[in-house]
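Nothing in this text is a laboratory measurement; each read-out follows from the coordinates by a stated rule. Just so you know, these numbers come straight off a predicted model, no measurement behind them. FYI the Cβ positions are ideal-geometry reconstructions off the backbone, even for glycines, and counts take in every protein chain you see.
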Amino acid sequence: MSLTRRATLAAGLAAPFIGRAARAETVVKMGTLKLIHAMTPHFYQRFAPDGVQIEVIAFESPSDGKAAVVTKSVDFGTFGIAASIQGAAAREPLIVVGSVCNKGMGIVARKDSEITSLADLKGKRVAIWPGSTQEVFVIDRLRMEGMSIKDITPVRVSFSEMHAALARGDVDAYVGAEPAPSISLSTGVGKIVEYPYSTPMGGLNQILATHKDTVEQRPELVLMMVGLQRKAAEFATAHPDEMIAMTVAKLGQKRDAIQIALPNVELNWRMTPEMISQSKNYAEHMLEAKQIRTLPDFAFLDSRFSDEVARTA
């Protein structure tokens with residue numbers, strides 16, 4: 001990148017967006033997922049500058065959310081780190097500019113089953129969404145137990161259908177995302193086998209991403225959106241009743257299930273050195289598992305915006 005271009009970006013990062021936004025109507029399309037830990041975009045409008053309209057578009061899967069960012073169907077998106085690494089490894093024009101949440105996962109089995117540990121999944125039908133963050137975590141956890149994905153029978157099931165699949169007996173267990181694990185608990189259908197956070201990847205989960213062109217051409221917009229993620233995450237964390245109400249409204253789930261899920265969700269916004277290190281570790285695991293053919297150029301992890309928000313807040 002030329003020195004002139006770097007200077008332009010630096011100026012954009014330093015310029016306050018709010019004054020500019022107030023002079024013209026701006027509609028920002030924000031993609032999210034139908035999960036409790038993807039609720040923060042629904043709070044963005046509360047903190048948006050005058051003249052900025054946040055249009056939230058919900059997707060069923062991380063791959064759909066990632067594709068929407070790459071094709072510019074949305075301006076920004078939140079989805080799992082796995083999907084972003086897959087995109088970057090395929091040299092798609094995707095840039096991660098912020099963090100959204102950690103945790104929010106769970107390995108769940110039927111309550112009446114004899115499955116009590118990861119080792120008990122051997123030979124069992126396990127619902128997993130291919131290419132998801134959860135898939136990467138369970139592969140690594142199986143490896144830690146001396147097993148591999150070949151020791152189970154993976155069944156392709158979307159996150160929103162996992163609880164129902166378990167209840168019907170279509171699968172013996174699932175590697176899911178909240179609120180599914182807590183729905184299974186609250187209804188008495190399932191039990192937690194484990195929360196898979198003991199790998200070197202910790203609880204790393206969802207990120208905030210945008211198109212490379214947006215970073216280069218509209219850095220002030222990127223800065224604003226990272227700032228909105230910070231405000232939304234801090235607000236939702238400090239006001240759990242608001243978080244529960246929003247999740248019930250957007251997902252149509254019962255309040256008691258959402259209350260169980262909350263402790264398993266860690267909202268955040270900043271791309272810390274630890275988060276970046278975990279992301280690189282994550283990519284290594286994906287390469288070993290042949291989920292990607294080559295490591296991405298880690299320049300797709302751009303922490304400048306969250307660093308700037310941290311400095312100016």
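Couple of notes before you dig in:
- Spatially proximal aspartates and glutamates relative to Lys280 (Cα-Cα < 12 Å; intrachain offsets below 8 disregarded): Asp297
- Exceeding the 26 Å Cα-Cα cut-off - candidates Lys66/Lys250; Lys191/Lys254; Lys34/Lys231; Lys150/Lys212; Lys29/Lys290; Lys66/Lys103: Lys150/Lys212; Lys29/Lys290
- Prolate/oblate/rounded label for region 18-120 (Cα gyration tensor, a/c 1.5): prolate
- Pairwise centroid distance, computed over Cα atoms, of region 48-76 with region 194-219, Å: 15 Å
- Three-way shape label, region 105-172, alpha-carbon gyration tensor, a/c 1.5: oblate
- The phi torsions of region 251-266, fed into the Karplus equation with coefficients 6.51, -1.76 and 1.60 and a -60° offset, translate into couplings of 9, x, 9, 6, 4, 5, 5, 5, 5, 5, 6, 3, x, 9, 10, 10 Hz, rounded to whole numbers, with Gly and Pro shown as x.
- Alpha-carbon centroid distance for the pair region 237-313 / region 85-133, whole angstrom: 14 Å
- Rounded FRET efficiency, nearest 0.05, which uses the C-beta distance separating Lys212 from Thr312 and R0 of 22 Å: 0.40
- Antiparallel beta bridges, as assigned by DSSP with both residues in the chain, represent about 60 percent of the total such bridges.
- Whether region 188-313 is rounded, prolate or oblate, judged on the alpha carbon gyration tensor where a/c under 1.5 counts as rounded: oblate
- Residues whose amide H comes within less than 5 Å of that of Ile57, counting only those at least five positions distant or on another chain, are Met30, Gly31, Thr32 (H built at 1.01 Å from N in the peptide plane).
- For Gly98, the residues whose amide H sits under 5 Å from its own are Leu208, ignoring neighbours fewer than 5 places away on the same chain, with H placed 1.01 Å from N.
- Packing order of peptides 63-74, 30-41, 286-297, highest average first: 30-41, 63-74, 286-297 (average count of other Cβ atoms within 10 Å over each peptide's residues).
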